[in-house]
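Reviewing the structure listed below.
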Amino acid sequence: MDFYKDTKSKIFKVFCYLIISIFALFCLIPFFLVISASITPENDIVKYGYSLIPKHISFDAYKLLLSNGKEIFNAYKVTIFITIFGTATGLILMSMTAYVLGRKDFKYRNKFAFYIYFTTLFNGGLVPFYIMMVKYLHLKDNIFAMILPGLANVWSIFLLRNFMKSIPDSLYEAAKLDGAGDFRIYWQIVIPLSKPALATVGLFQALGYWNEWYNAMLYIQTPEKYPLQYFLQNMMASANITNLIKIGANIDLSKIPTESIKMATAIIVTGPVILFYPFLQKYFVKGLIVGSVKG
């Protein structure tokens, strides 16, 4: 009887793994299609369309993009800086806010929470925000103009607050009995226990900064300060294709890979994120579930 149950359980697990594997394969197909299209000659895309297995292989799209290698490297540096600095600073600010809003001994926590939530319903609009950034904060053509607007996110603050509320009050009381102040409790107790939620929020924060282009379009004028997304967008939208091959790449202008270069751009942009995501996946799932349900 036990053998029958064990066999039945194993068959069920194999069936579940098979379903999950098929589902994962369907999720990976679009990414494989992008990789395949990025190395497919333009003529093949026009003639046969997109396919998972290219009939011929060409790296013309990557040659065009990397012909501006110095500018792309500089755009990478800008994007990496705003991603690391913005994510780290944003996590500190949002975790501090969430910690205060989650403390039961803070008398005005509900009023402040309502004020923060109210900003998701109404805002001043683009024109007042632009005037504030340019006229009063003097951030025109300043790299911090791409960092400041994304430092805090209301959804992330409440996710962190809900997660921190799941920490037992007895830990706070024991720390106070040992003479710990609020900042020490926050830094040495709350932050270590909130790693899953912080990893979840940090991933969303980092993706937002990595994909930054809108604020760059509004405030940045110097090409050396362009982030990666905005730089590649300008490169693809450039009417003068000779700007892409100014180092003398031997490419027939009548066969410019306009379609495959879009896919190559996607690979260049998403590659680092895909390599970084697996290290945060376990924290991401745990933090998203616990932070959303508890509290």
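No value in this document is a laboratory result; all are computed from the given coordinates. Predicted model, so just to flag it, every value in this text is computed and none were measured. Glycine also receives a Cβ, built like all others from the backbone with ideal geometry; neighbour counts cover every protein chain displayed.
Numbers for the structure displayed
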{"item": "Percent of Cα pairs exceeding the 24 Å cut-off, where the set is the range 90-205", "result": "37"}
{"item": "Low-density loop cleavage sites - trypsin sites (Lys or Arg not before Pro) in the range 60-149, where at most 11 other Cβ are within 10 Å (DSSP)", "result": "Lys104, Lys107"}
{"item": "Ordering of 113-126, 155-168 by burial proxy (mean other Cβ atoms within 10 Å per residue, highest first)", "result": "155-168, 113-126"}
{"item": "Between the range 1-57 and the range 96-113, the alpha-carbon center distance in angstrom", "result": "47"}
{"item": "Ranked Met236, Met96, Met146, criterion: other C-beta atoms within 10 Å, fewest first", "result": "Met236, Met96, Met146"}
{"item": "Length released on extending from Ser170 to His56, taking residue separation times 0.36 nm less the Cα-Cα span", "result": "34.5 nm"}
{"item": "Relative exposure of Tyr219, Tyr76, judged by other C-beta atoms within 10 Å (fewest first)", "result": "Tyr76, Tyr219"}
{"item": "Net lengthening on full extension, Phe122/Val269 (0.36 nm per residue, minus Cα-Cα)", "result": "49.6 nm"}
{"item": "The range 175-238 - Rg and Dmax from Cα coordinates, angstrom", "result": "19.9, 65"}
{"item": "Cβ-Cβ FRET estimate between Lys195 and Phe114, R0 fixed at 35 Å, reported to 0.05", "result": "0.75"}
